[in-house]
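Below is one structure; the comments refer to it alone.
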């Protein structure tokens, strides 16, 4: 009887404590899972009685709930609409060299599912690919190339491309780099496509660094810590640096804010004047301890960018991937954002294109296009929805904008309705106290660009006045053909209300014609992804 009573008492206490843990919000993190802290502190206890003494014995038979649900987060994209030139002649936006959306879309399609509509950022898909734009020849850090042709999914409209090609800087002439790797080692990073892939990816980067470059490693889980002090990448130190990566293991909750604070401190303590100073954040974005809200994290990064330290964000994993947070952080930190879904993408981002990813040649790059109502009835910028600026922001040097790295290209497309079109465009009532007048001109548009030197505070202005005859092509270039195929693909994936007569067959056929030499096979891969999406869409 005594044994039965003791057994009943034990079971009752285990049940009660487990019930309290399941119900208490204090014991749960933002996802509703029992937090690592309480998994350690409040494990179920079996009470053993020995000669009247009660002692707690911690058991290991309490299992964490399996993470078999999807908590990925994407910001809603409100698609740019057509705007009447007579009322809104100016279009102003920041450049965007991020490429994360394309790799993320590829991850979904190779897994035989269509991506969420808000995961499809068309500008990032266009800019994932290399184009044969000319190198700059003057003092500006990038060239400007423009082209116009009939729109492929609405032949009553035209497409206009504006492309910037960053200067390829000789690696031997690049200044020394001060890099701080900020690595998420929380429990959510244990999957093979997270921390293990991350460690392999950074080994690719290490092969590209030079003896004058130096790296430090900051890790964060329940708390932040310094795993490797700033160390030069000399031959004698390479094993030490690689070993520091190899020792990293996943476990604990995710104190992202604390990690960012420490990483920027290490970067500023080892700041190289005139050098490439950068924090490289690698994470799934699932911050859940301490400062974790998007707004708080953005404000922290905005404050830190004043130190002259740039930010690169590398996303890993699936299931709990927080794309929305990571895009905001990179935008706020004078940075760029890539998604690493496999080791080949790591080779592209941190190997082949490393210095474009890590070395900025122009910052706060903005464009402002003024359309002539005598030539253009309406326009819409395709993509860049989260990069739109107020017209007054163009001349405001305090307004942050995107950056361009060595060798990077940025392409933007406008879909325009010609002035002689009968198509109706939404507008406003005629003004009561102002009358609109126009100036006679043969120009179709004026394209203005502003940028700053990487360490500059005042912007420089570039202006191009463009006639339609200057850029209209009866036979568009390979660059134009392929980029427009990527746009059409994005419109279909997003189920855009403005997709017109877009179709998979025509975009695939056009992409095949414009594949070019395709040395790395990226365009061939795109064609296969489009064919996969075509089958999945049936």
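The values are calculated or read from the model by the stated rules, or taken from the named source; none is laboratory data. Predicted model only: the values in this text are computed from it and were never measured. Don't worry about glycine lacking a Cβ; one is built from the backbone with ideal geometry, like all the others, and counts go over all protein chains shown.
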Point to revise | Flag for residue 459 being surrounded by 17 or more Cβ atoms within 10 Å (Cβ to Cβ), out of contact with any helix residue (DSSP H, G or I) (no Cβ under 6 Å at 6 or more places or on another chain) and over 17 Å from residue 161 (Cα atoms) | key: yes
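Hey, which of the helices (runs of 4 or more DSSP H) in region 299-397, taking only ones fully inside, have at least 1 residues that are surrounded by fewer than 21 Cβ atoms within 10 Å (Cβ to Cβ) and without any contact (Cβ under 8 Å) to a residue 12 or more places away in the chain?
Details: elements: 323-332, 343-347, 354-358.
So the answer is 343-347.
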Exercise for review: May I ask you to list the residues in region 271-298 that are closer than 18 Å to residue 335 by Cβ, out of contact with any helix residue (DSSP H, G or I) (no Cβ under 8 Å at 6 or more places or on another chain) and modelled with pLDDT under 90?
Suggested key: 295
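Tell me, which helices (runs of 4 or more DSSP H) wholly within region 465-538 include 1 or more residues that are touching a strand residue (DSSP E or B) at 6+ places or on another chain (Cβ under 8 Å) and either touching a residue at least 12 places away in the same chain (Cβ under 8 Å) or not assigned by TED's automatic domain parsing to the domain that holds residue 409 (or both)? So that I can check it myself, show each step before the final result.
Working: elements: 468-471, 478-493, 504-513, 522-536.
So the answer is 468-471, 478-493.
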Practice item. Look at residue 258 and say whether it is in a helix (DSSP H, G or I) and surrounded by fewer than 22 Cβ atoms within 10 Å (Cβ to Cβ). Key: yes
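How many residues does region 145-190 hold that are under 30 Å from residue 370 (Cα atoms) and within 20 Å of the chain's Cα centre (by Cα)? I'd like the intermediate steps shown before the answer.
Of all residues in region 145-190, those under 30 Å from residue 370 (Cα atoms) come to 145-168.
Among the residues that remain, those that are also within 20 Å of the chain's Cα centre (by Cα) are: 163-166.
Total meeting the criteria: 4.
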Review point. Closer than 20 Å to residue 329 by Cβ and surrounded by 17 or more Cβ atoms within 10 Å (Cβ to Cβ), is that true of residue 83?
Key: no
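Tell me the residue from 161, 91, 143 that is touching a helix residue (DSSP H, G or I) at 6+ places or on another chain (Cβ under 7 Å) and not in a loop (DSSP other than H, G, I, E, B), please.
So the residue among 161, 91, 143 that is touching a helix residue (DSSP H, G or I) at 6+ places or on another chain (Cβ under 7 Å) and not in a loop (DSSP other than H, G, I, E, B) is 161.
Might you check whether a residue that is surrounded by 12 or more Cβ atoms within 10 Å (Cβ to Cβ), part of a strand (DSSP E or B) and under 34 Å from the mean Cα position of the chain (by Cα) occurs anywhere in region 419-430? Full working, then the answer.
Residues of region 419-430 that are surrounded by 12 or more Cβ atoms within 10 Å (Cβ to Cβ), as a first pass: 419, 421, 423, 425, 427.
Adding the requirement that they be part of a strand (DSSP E or B) leaves none.
The answer is no, given that none of the residues of region 419-430 is surrounded by 12 or more Cβ atoms within 10 Å (Cβ to Cβ), part of a strand (DSSP E or B) and under 34 Å from the mean Cα position of the chain (by Cα).
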Exercise for review: With respect to residue 484, determine if the residue is under 17 Å from residue 416 (Cβ atoms) and within 27 Å of the chain's Cα centre (by Cα).
Suggested key: yes
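Would you tally the residues in region 146-158 being in a strand (DSSP E or B) and in contact (Cβ under 8 Å) with a residue 12 or more places away in the chain?
Of the residues in region 146-158, the ones in a strand (DSSP E or B) are 146-150, 158.
Remaining after also requiring in contact (Cβ under 8 Å) with a residue 12 or more places away in the chain: 146-149, 158.
Residues in region 146-158 being in a strand (DSSP E or B) and in contact (Cβ under 8 Å) with a residue 12 or more places away in the chain: 5 in total.
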Review point. Has region 271-287 got any residue that is surrounded by 18 or more Cβ atoms within 10 Å (Cβ to Cβ), farther than 24 Å from residue 455 by Cα and more than 16 Å from the chain's Cα centre (by Cα)?
Key: yes
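Confirm whether residue 175 is in contact with a strand residue (DSSP E or B) (Cβ under 8 Å, 6 or more places away or on another chain) and surrounded by fewer than 21 Cβ atoms within 10 Å (Cβ to Cβ).
Considered against the rule, which asks whether it is in contact with a strand residue (DSSP E or B) (Cβ under 8 Å, 6 or more places away or on another chain) and surrounded by fewer than 21 Cβ atoms within 10 Å (Cβ to Cβ), residue 175 comes out as yes.
Is region 445-452 home to any residue that is assigned by TED's automatic domain parsing to the domain that holds residue 371 and either at pLDDT below 95 or in a helix (DSSP H, G or I) (or both)?
Restricting attention to region 445-452, the residues satisfying the condition of being assigned by TED's automatic domain parsing to the domain that holds residue 371 are 445-452.
Now restrict to residues that are either at pLDDT below 95 or in a helix (DSSP H, G or I) (or both): none.
Looking for residues that are assigned by TED's automatic domain parsing to the domain that holds residue 371 and either at pLDDT below 95 or in a helix (DSSP H, G or I) (or both), one finds none in region 445-452, hence no.
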